[in-house]
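The values are calculated or read from the model by the stated rules, or taken from the named source; none is laboratory data. Treat the numbers as computed from the prediction; the structure is a model and nothing was measured. Cβ placement follows ideal geometry from the backbone for every residue including glycine, while neighbour counts extend to all protein chains displayed.
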């Protein structure tokens, strides 16, 4: 489950706080932080924080974050980057066994 939270402070301040909480910025994806101890991934974009990873770790993460930053309580994700999102259970994907056969098929 992802969580969306508005953030209202500079990115350098936010980065320092996240690092102090144990986050390691992903070099290939600036603004994304991995927490090795909890296997959480925090994505920051403008004024939104989106958290992904084991749901049993979310409450503890937000408790730590809100103890050092005055931000609104987390809420389930529904709208980010100007788009509405739905959380849907995934079923077993249906992928052809021989993908190359379909990739080279001419219309």
| request: Assess whether residue 29 counts as being surrounded by fewer than 17 Cβ atoms within 10 Å (Cβ to Cβ), under 13 Å from the mean Cα position of the chain (by Cα) and at pLDDT below 90. | output: no
| note | Inside the range 7-26, the number of residues satisfying the requirement of being in contact with a strand residue (DSSP E or B) (Cβ under 8 Å, 6 or more places away or on another chain), surrounded by fewer than 16 Cβ atoms within 10 Å (Cβ to Cβ) and either on the phi > 0 side of the Ramachandran plot or in a helix (DSSP H, G or I) (or both) is 3
| Looking at the range 55-101, which of its residues are surrounded by 10 or more Cβ atoms within 10 Å (Cβ to Cβ) and either in a loop (DSSP other than H, G, I, E, B) or modelled with pLDDT under 70 (or both)? | 69, 71, 72, 74, 77, 78, 79, 80, 85
| query | Could you say which residue among 51, 4, 41 is at pLDDT below 80 and touching a strand residue (DSSP E or B) at 6+ places or on another chain (Cβ under 6 Å)? | reply | 4
